[in-house]
Amino acid sequence: MIYICIYVYIDLNVNYTSQADSIVSKLQTMNNQDKDERPTILIAADTVVVYEGVVREKPANEKEAREFIKGYSGGHAATVGSVIVTNLKTGFRKGEWDRVEIYFHKIPDEIIEKLIEEGAVLHVAGGLIIEHPLIMPYVKEVVGTTDSVMGLPKALTEKLIKEAL
């Protein structure tokens, strides 16, 4: 099996379906699916954080990241990850979503500041990185899987790939 990863920016202000159809069309042409016996599988995934009913994408700046993380302190948030798998040879496409609840102990301000100084929290949905060594001691409970929180629910992705093949 050959794996090729292509990262594509999806414009959040444009219709997702039309962008997905455009990407699939380009890949089908690019890969010449009719000549290859092996199918090419396209996997698209995204994750958002939901906090108090509000969807959070990547923080816009350090101030917003600080507000996000302080909000989680002593409380909880959820991640919702979606995965869509497309078989480019057959055109089969199926998607599903996975939700994980994360409960936190109180997170000290100095830990929040260190996370922001490092900068990684500025590049992830909701500024949430539960696998980070600085934040791990303050994660009280994860109801679901860490891989889903990190952006790609493994079991769901495997299930969808099997269905697509």
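Here are some notes:
- Summed residue charge, Cβ within 10 Å of Gly81's Cβ, Lys/Arg positive, Asp/Glu negative: -3
- Label-point separation, Glu57 to Glu158 (7 Å along Cα→Cβ), nm: 3.2
- Full extension of the segment from Glu113 to Glu64, taken as 0.36 nm per residue of separation minus the current Cα-Cα distance, would add 16.4 nm.
- Two-site FRET efficiency, His76 against Ile43, from Cβ-Cβ distance with R₀ of 41 Å, rounded to 0.05: 0.90
- Per-residue ³J(HN,Hα) for segment 137-150, Karplus 6.51 cos²θ - 1.76 cosθ + 1.60, θ = phi - 60°, Hz, x for Gly and Pro: x, 9, 8, 7, 7, 10, 9, x, 10, 5, 4, 5, 4, 6
- Other residues whose C-beta falls under 14 angstrom from the C-beta of Ile135 contribute a net charge of -2, scoring Lys and Arg +1 and Asp and Glu -1.
A short reminder: the numbers here are calculations on the coordinates, not readings from a lab. The shown structure was predicted, so the numbers you read here are calculated from the model rather than taken from an experiment. When we count neighbours, we look across all protein chains shown, and the Cβ atoms used for this are built from the backbone with ideal geometry, even at glycine.
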